[in-house]
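Rule-based calculations on the coordinates, nothing more; no lab input. All of these numbers come straight from a predicted model, not from anything done at the bench. Here the Cβ positions follow ideal geometry from the backbone for every residue, glycine too, while neighbour counts run over all protein chains shown.
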Amino acid sequence: MAIPKDTVIPASTGSFAKIQEGNNRYRVLSDAVTGWEGWKDKKPFRHEGDVCKITAEQVDLTKDGKPNINYFWAMVVWSHADKRVQILEITQKTIMNALVQLEQNVEDFGDLKNYDIIINKSKVGDKTSYTVQGTPSKALTQEQVEAHETSEADLSKLFKGDYPIKEAEAEAKPEDIPF
């Protein structure tokens, strides 16, 4: 076979985790920040806090004709699929409520930073649904600890319009690849 047997195609190479259909396993590495996100000209802008400061006039409309404004949580996570540190931004209330329930279940789970979470996304027609479960508690791996430390993740940058994770330098530039 031309393709190595154990080749894994990463789901995403960007700074932001994208919840794919099926199981998505993450390890939360930071406390969450909360805020409001508006979209204008296909670009997000964010304000911190639980009170929305974005007006309908500042944003584009969704395909349903509603102002494109969402309440969100963002946290630094380890994506098991991508094997890297990313930002997980959550706008879905079903996911938020499930995460709150896990943290409130201190006897079995508690602080989200102590175990992996699995977010399952399923689609039937136009309807998308999510389920969330916690996994047994375990320590971070050395790879996860080092990746988190070198990512220099800073969620406050979200509210300044900056990327919250230091992007890794490209391994090879096109001009460095011999033909």
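Quick one: 3J(HN,Hα) in Hz for region 66-83, Karplus 6.51/-1.76/1.60 with θ = phi - 60°, rounded, Gly and Pro as x.
Taking θ as phi minus 60°, the curve returns 9, x, 7, 10, 9, 6, 9, 10, 9, 8, 7, 9, 9, 8, 5, 5, 8, 6 Hz for region 66-83.
Straight-line reach from Lys138: which lysines fall under 26 Å, measuring Cα to Cα and dropping same-chain residues less than 8 apart?
Result set, ordered by chain and number: Lys18, Lys83, Lys113, Lys121.
Around Pro44, under 15 Å between beta carbons, what's the net of Lys plus Arg minus Asp minus Glu among the other residues?
On the way: positive: Lys18, Lys40, Lys42, Lys43, Arg46, Lys53, Lys157, Lys160; negative: Glu37, Asp41, Glu48, Asp60, Glu89, Asp162.
Result for the neighbourhood of Pro44: +2.
Taking just the C-alpha trace of the chain, give me its Rg and Dmax in Å.
Calculated on Cα positions, Rg and Dmax stand at 18.1, 59 Å.
Once you keep just the Cα pairs under 8 angstrom separated by 6 or more residues, what percentage relative contact order results for region 15-109?
Normalised by residue count, the contact order of region 15-109 is 30 percent.
Return the long-range amide H neighbours of Ala17 (sequence gap of 5 or more, or a different chain), with a cut-off of under 5 Å between placed amide H atoms.
HN-HN under 5 Å from Ala17: Ile87, Leu88, Glu89.
Around Ser79, under 11 Å between beta carbons, what's the net of Lys plus Arg minus Asp minus Glu among the other residues?
On the way: positive: Lys18, Arg25, Arg27, Lys83, Arg84; negative: Asp82, Asp116.
Charge balance near Ser79 sits at +3.
Can you give the helix-only mean residue ellipticity at 222 nm for the chain, where every DSSP H stretch with n ≥ 4 adds -39500 (n - 2.57) and the sum goes over all residues, rounded to the nearest 500 deg cm²/dmol? Working shown, then result.
On the way: 2 runs with 22 residues, N = 179.
Rounded to the nearest 500, the figure is -3500 deg cm²/dmol.
With a 10 Å cut-off between alpha carbons and a GNM built on the chain, which of Glu143, Glu21, Glu57 moves the most?
Glu57
With the cut-off at 1.5 for a/c, could you classify region 114-154 from its C-alpha gyration tensor as rounded, prolate or oblate? Don't skip to the end; give the middle numbers.
Working: a/c = 4.34, a/b = 1.97, b/c = 2.20.
Oblate.
Ser156: net charge of surrounding residues, Cβ under 11 Å, Lys/Arg +1, Asp/Glu -1, itself excluded?
Numbers: positive: Arg46, Lys157, Lys160; negative: Glu48, Asp154, Asp162.
So the environment of Ser156 carries a net charge of 0.
Please give the peptides 27-38, 89-100 ranked by average Cβ packing (other Cβ atoms within 10 Å per residue), highest first, as a rough proxy for protection.
Numbers: 27-38: 18.8, 89-100: 16.2.
By packing density, highest mean first, the sequence is 27-38, 89-100.
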